[in-house]
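The values are calculated or read from the model by the stated rules, or taken from the named source; none is laboratory data. What you see is a predicted model, and the numbers here were worked out from it, not measured in a lab. Glycine gets a Cβ as well: all are built from the backbone with ideal geometry, and neighbour counts include every protein chain shown.
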Amino acid sequence: MKPSIAILGCGWLGLPLAKSLIQLGYSINGSTTSAAKLSLLQESNIVPFLIHCTEKQVEGDWETFLSGKDILIIDIPPKLRGEHRENFVAKIQTLISCIVKTTITNVIFISSTSVYPDTDSEITEETFLQPDAENGRQLLEAETLLKDNTNFKTTIIRFGGLIGKDRNPVKYLAGKENIENPDSPINFIHQDDCIGIISAVIEKEIWNETFNAVTPFHPTRENYYTQKAIEYGLPIPKFNHQNPSSQKIIRSDKLQRILEYKFQISEL
């Protein structure tokens, strides 16, 4: 019998992930923070829940959301910018206090390669963790809280920059000038491969692991964004060549080896 799954955060990645897992025969509970989105989840055969994690409590019927489920996929972004910034670590601590009261035995935590420092080297899962930004620092602390809890097993997936059919950063850079790091390699991954990798972890039951998840395709930022601007018919961004560019490359060799995973979108 296939394990039963709850996805906390049916957004840009979580919703298509839920649809894909349902096609594979899994039963899915899915959460959203928007009441208007509940019908969309239901139409996709996802059992919908209105759940909102805060620093002090998990609002909504989280007991039923997690009841009888074996796997919880946590896909909620840290809100560390703007007027309504939050303490992400506190939110995860509060969430853990709920998880341990349920049937959940395995957790997949969607993290980011921002936990790594900005360095001129190749990055593996063994690289010393020293995040440069608050986003990375809080994600790393959240990872540690989940991995250290012995009530369930946690697999961490550190995705690179997320792109998809409707999402590419060139749209925000089009026509801009003096953009830094023209010769830096990109470290991106397509939505389809994000879904494929999460599905592979579940299908192969790979728990208590940490994976970098970045497509092994690393053209320079200038070459990549110039090409994409032309493809989208956008103004070509202009880069500043006066300062040296970072040469950080995120390696996903471990993921490919353990999961026996082959990237679906090899050229982004």
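Points worth noting:
- Screening the candidates ASN187, ASN135, ASN151 for the property of being modelled with pLDDT under 95 and either in contact with a helix residue (DSSP H, G or I) (Cβ under 6 Å, 6 or more places away or on another chain) or more than 20 Å from GLY11 (Cα to Cα) (or both) yields one hit, ASN135.
- Residue in the range 159-171 that is under 24 Å from LYS204 (Cβ atoms), assigned to a helix (DSSP H, G or I), among the hydrophobic types (A, V, I, L, M, F, W, C) and under 18 Å from the mean Cα position of the chain (by Cα) present: no
- Filter result (in contact with a Phe, Trp or Tyr (Cβ under 9 Å, 6 or more places away or on another chain), surrounded by 15 or more Cβ atoms within 10 Å (Cβ to Cβ) and not hydrophobic (A, V, I, L, M, F, W, C)) within the range 41-63: GLY60
- Against the test of being assigned to a helix (DSSP H, G or I) and not hydrophobic (A, V, I, L, M, F, W, C), the options GLU203, GLU125 yield a single qualifying residue, GLU203.
- Filter result for the condition that a residue is surrounded by fewer than 16 Cβ atoms within 10 Å (Cβ to Cβ) and of a type outside the set (S, T, N, Q), over TYR172, TYR116: TYR172
- Considering residues of the range 224-240 that are in a helix (DSSP H, G or I) and not acidic (Asp, Glu) only, the residue surrounded by the most Cβ atoms within 10 Å (Cβ to Cβ): TYR225
- Inclusion of ILE156 among residues that are surrounded by 17 or more Cβ atoms within 10 Å (Cβ to Cβ), more than 27 Å from ILE5 (Cα to Cα) and out of contact with any Leu (no Cβ under 6 Å at 6 or more places or on another chain) is not warranted.
- The single residue among SER111, SER97 that is in contact (Cβ under 8 Å) with a residue 24 or more places away in the chain and of a type in the set (S, T, N, Q) turns out to be SER111.
- The listed residues are ASN212, ASN243, ASN208, and the only one of them that is in contact (Cβ under 8 Å) with a residue 12 or more places away in the chain, exposed (fewer than 13 other Cβ atoms within 10 Å of the Cβ), in contact with a strand residue (DSSP E or B) (Cβ under 8 Å, 6 or more places away or on another chain) and not aromatic (Phe, Trp, Tyr) turns out to be ASN208.
- Residue within the range 252-267 that is at negative phi, part of a strand (DSSP E or B) and touching a residue at least 40 places away in the same chain (Cβ under 8 Å) present: no
To keep it simple, each residue is scored yes or no on (1) without any contact (Cβ under 8 Å) to a residue 24 or more places away in the chain; (2) of a type in the set (Val, Ile, Thr); (3) surrounded by 24 or more Cβ atoms within 10 Å (Cβ to Cβ); (4) assigned to a strand (DSSP E or B).
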residue: CYS10; (1), (2), (3), (4): no, no, yes, no
residue: LEU15; (1), (2), (3), (4): no, no, no, no
residue: ALA18; (1), (2), (3), (4): no, no, yes, no
residue: GLY25; (1), (2), (3), (4): yes, no, no, no
residue: ASN29; (1), (2), (3), (4): no, no, yes, yes
residue: SER39; (1), (2), (3), (4): yes, no, no, no
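- The range 172-200, residues that are within 17 Å of the chain's Cα centre (by Cα) and part of a helix (DSSP H, G or I): GLN191, ASP192, ASP193, CYS194, ILE195, GLY196, ILE197, ILE198, SER199, ALA200
- Residue check for VAL89: modelled with pLDDT of 95 or more, of a type outside the set (Gly, Ala, Ser), over 19 Å from the mean Cα position of the chain (by Cα) and more than 21 Å from ARG167 (Cα to Cα): no
- Residue count for the range 48-63, restricted to those that are more than 22 Å from the chain's Cα centre (by Cα) and more than 15 Å from ILE76 (Cβ to Cβ): 3.
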